[in-house]
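Okay, so here's the structure we're looking at.
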There are 2 protein chains.
Amino acid sequence: MARIVMKFGGTSVANIERIKNVARHVKREVDAGNEVAVVVSAMAGKTNELVGWTREASPMHDAREYDVVVASGEQVTAGLLAITLQSMGINARSWLGWQIPIETDNAHGAARITKIDGSQLIQRFKEGQVAVIAGFQGIGPDKRITTLGRGGSDTSAVAIAAAVKADRCDIYTDVDGVYTTDPRIDPKARRLPKVAFEEMLEMASLGAKVLQVRSVELAMVHKVRTFVRSSFEDPDAPGMGDPINPPGTLICDEDEIVEQQVVTGIAFAKEEAQISLRRLADRPGISAAIFGPLAEEHVNVDMIVQNISEDGSKTDMTFTVPATDIDKAVATLEANKKEIGFDVIQSETDLAKVSIIGIGMRSHAGVAATAFKALAEKGINIRAITTSEIKISILIDNAYTELAVRTLHTVYGLDKG
Amino acid sequence: MARIVMKFGGTSVANIERIKNVARHVKREVDAGNEVAVVVSAMAGKTNELVGWTREASPMHDAREYDVVVASGEQVTAGLLAITLQSMGINARSWLGWQIPIETDNAHGAARITKIDGSQLIQRFKEGQVAVIAGFQGIGPDKRITTLGRGGSDTSAVAIAAAVKADRCDIYTDVDGVYTTDPRIDPKARRLPKVAFEEMLEMASLGAKVLQVRSVELAMVHKVRTFVRSSFEDPDAPGMGDPINPPGTLICDEDEIVEQQVVTGIAFAKEEAQISLRRLADRPGISAAIFGPLAEEHVNVDMIVQNISEDGSKTDMTFTVPATDIDKAVATLEANKKEIGFDVIQSETDLAKVSIIGIGMRSHAGVAATAFKALAEKGINIRAITTSEIKISILIDNAYTELAVRTLHTVYGLDKG
């Protein structure tokens, strides 16, 4: 017997037929004698509809009222899944954020969970009841409904798993796990049986989009063993109920990964843009003068490279922003030209960032050199490089993205498994 | 300055454009210096969609989970109206049933309000804030969401008006008041300036459908002056903000109606059916033997007429049920034939009930005789009659409904005003 949190996203509960399929996944775990909490998102498309209405009502809407409107989507799914489970003879009830309660801070629209009291849920587990929990929502200090921001149901699930000390948290989604790279780019991509939390963090923030970044951070802090698996497989297919190795990818502590690969995956982000500020005075506070105004305008700055000029008195600063933010970024910098004191501003779009990720590279030299050599052999020009302990990111022309991903996937032995 | 509760139904908030129109009605009252609470229904069609999903999930759904799903409709409207009001510079916030709280009993799906704490709302009025309240919902003793049954938002509005001691409760709907009869049947129908609570109760239960019966009962008990008025008129048209006589019909205590008419209106209900049980033993408990089983099957029995048979030893029992329930009613009676002990069962459909309503008839003789004479002159056969202090109901063939309504409307002087 285990205590399991199961989370189903919007496409998995898009209509009643799919909700019935979700109920079969839940029944499988209940029949195996497990204690189960299920966290659900809004039916696919519903959140967009609700958000659209709030914008139509007023583009400058109050985030507290936005939360009231948008949180209703998960409420509907929770009730419908509880009804469906009951019709299959399973003792189930729905829980809304304020009923558990899932306490959050006051940042309506993007609230952070501050405390979850798991005692009521645990009591109901002992009575044999399945908890069906509306994801994405909580209750703020002012006793009003809050939402956790897009994708917040993943965070709800992991936080609840931590609060009830679940043995694992199964995130059911429309893919069957985490891959070495995007299979649409490289058909040789393979599903990874295990990924370390740190690696998953890099993959999620780089657009691998399987799990919300905050949910992975939370899982890492609380050491919640998290499976990414498919909701679209037959719930009763062989192995689906395997308590140790269910099909999917386990996101876990690195200690649990016995045979550490040097490189785990190749991620990428298209539609990047680059900005270079030339001949800046190399003085203390120059970074703050540049990036402060950009942060105020909510421009998400990524790879930052600073070079000293030839005579050592001036410096060049180069960094990337999402292509959609390039105009805003340049305008903001021009408006602050005097304070920053740059000579020339240059910008370029149609770039892509390709990243090599692997916890194993901490103890291996030459990982970066292998990439540079492989890309050079394909004639791919590297425009910028940033590295961290477990990641190497390389900025290239957008047009070479697929070639670069496949080249790196092969050179690090990911094709073979 | 007055304290006003305004209620808007589903068609009045069917889309964002209409919600903006509702906001203009609210702004008019706020600008006049009034303290305002607004009660809203779900956007037209939403409740049906949500109810449909619960049935699709399971025809035998748990009423507690049904409430979780269905209450979301009003939640969405409340948030959207609050956003819209804020965009017009009005200080407004939404309130859900559990936040006020609106306490109810545990009868999920058809809960009754047990207590409303108006103190938070009154405090906010004093701070100049408009309360936008999700109608139709409350919180049960188990701290779960309850709903009040179809049309329950009217009841929410009246109950809140009573709780905050409002000067009046304006029910905005798709008609501009209560009429002497249905204008689609008789173009000479006139809007009534005032209707007594008791009269409105009879009209509502007879299918005049403007106000939910329970809301009128509640208004009567708490003496809440209730206006029925149109949400589709221009919010800023002359007279719309009249604090004493806004356009519409005032439902009020009979003392407030100075010139009492003998007859106030002619109501009707089509699609009635009649059942007659012949030659019953006239013994104590015979009514219970007949109507007990029907009540258990939720058959709504209406006009009941009992005749003694010629020799005095036997009796005939005749009563009406909605035509949609006739098969269920007959089957139930046949199943209980032995206990009831009737000889023959006869049933007939295609009947209609026409009712003459007026508080003034309490002090006037001959009101019924006038109706019988007028209908006889038109060759309309009367199949059954029941009377109360303020109502005379007559059962006739469906085909004569319109003729009977127009004839009675004229004979009681309602054409002229």
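The values are calculated or read from the model by the stated rules, or taken from the named source; none is laboratory data. Just so we're clear, the structure is a prediction, and the values are computed from it rather than from any experiment. Cβ placement follows ideal geometry from the backbone for every residue including glycine, while neighbour counts extend to all protein chains displayed. What goes into the accessible areas is simple: the full protein's heavy atoms, side chains included, and nothing from ligands, DNA or RNA. Shrake-Rupley method; radii C 1.70, N 1.55, O 1.52, S 1.80 Å.
Listed values, structure above:
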| read-out | value |
| --- | --- |
| Separation between Cα centres of the stretch A:390-416 and the stretch A:1-26, rounded to whole Å | 35 Å |
| Normalised convex hull volume, the stretch B:3-255, alpha-carbon set, Å³ per residue | 125 Å³ |
| Radius, Kirkwood style, for the stretch B:23-72 when every pair of distinct Cα atoms is counted (Å) | 13.2 Å |
| Candidates A:Thr114, A:Thr11, A:Thr104: whichever shows maximal mean-square fluctuation once chain A is modelled as a Gaussian network with Cα springs under 10 Å | A:Thr114 |
| Peptide ranges A:168-174, A:140-146 listed from the most packed, as the mean C-beta count within 10 angstrom indicates | A:168-174, A:140-146 |
| Net charge dipole size for the stretch B:171-311 [Lys, Arg +1 and Asp, Glu -1 on Cβ; Debye, nearest 20] | 180 debye |
| Flagged links, alpha-carbon separation over 22 Å, of B:Lys7/B:Lys165; B:Lys194/B:Lys373; B:Lys7/B:Lys27; A:Lys194/A:Lys223; A:Lys7/A:Lys115; A:Lys270/A:Lys328 | B:Lys194/B:Lys373 |
| Candidates B:Leu201, B:Leu333, B:Leu96: whichever shows maximal mean-square fluctuation once chain B is modelled as a Gaussian network with Cα springs under 10 Å | B:Leu333 |
| Cβ-placed point charges (K, R +1; D, E -1), dipole of chain A about Cα centre in debye, nearest 20 | 700 debye |
| Given 11 as the ceiling on other Cβ atoms within 10 Å, longest exposed-site-free region of chain A for GluC sites (Glu not before Pro) in DSSP loops | A:128-258 |
| For the stretch B:194-311: Kirkwood Rh in Å [reciprocal of mean 1/r, alpha carbons] | 18.1 Å |
| For the stretch B:208-234 versus the stretch B:96-165, the gap between their alpha-carbon centres in whole angstrom | 16 Å |
| Fully extended contour minus Cα-Cα distance, from B:Ala365 to B:Arg150, at 0.36 nm per residue | 73.6 nm |
| Leading residue at positive end of dipole, the stretch A:3-254 (Cβ point charges), from A:Ile185, A:Val132, A:Val69 | A:Val132 |
| Nm distances between copies for B:Ile308, ranked from closest, using label points 7 Å along Cα→Cβ | 12.1 |
| Residue-span extension gain [A:Glu49 to A:Glu259] - 0.36 nm each, minus C-alpha spacing | 71.0 nm |
| Size of electric dipole in the protein assembly as shown: Cβ of Lys, Arg +1 and of Asp, Glu -1, about Cα centre, debye, nearest 20 | 380 debye |
| Label zone at A:Asp167 (point 7 Å along Cα-to-Cβ), backbone N below 17 Å, the stretch A:117-147 | A:122, A:125-131 |
| Shape call, the stretch A:76-143: gyration tensor on alpha carbons, a/c limit 1.5 | oblate |
| Residue-normalised accessible area of the protein assembly as shown, expressed per residue, 1.4 Å probe, Å² | 41 Å² |
| Shielding score for A:63-75, defined as the mean number of other chain Cβ atoms within 10 Å | 6 |
| Two-decimal Rg/Rh across the protein assembly as shown, once Rg and the Kirkwood Rh are taken from alpha-carbon atoms | 1.10 |
| Volume per residue that the Cα convex hull of the stretch B:1-151 spans, once the total is divided by residue count, Å³ | 94 Å³ |
| Rounded to 5, the percent of DSSP beta bridges in the protein assembly as shown classed as antiparallel | 60 percent |
| Averaged over A:94-100, number of beta-carbon atoms from partner chains that fall within 10 Å | 3 |
| Binned Cα-Cα distances of the stretch A:265-411, short to long, each 5 Å bin given as a whole percent | 2, 9, 19, 19, 17, 14, 11, 7, 2, 0 |
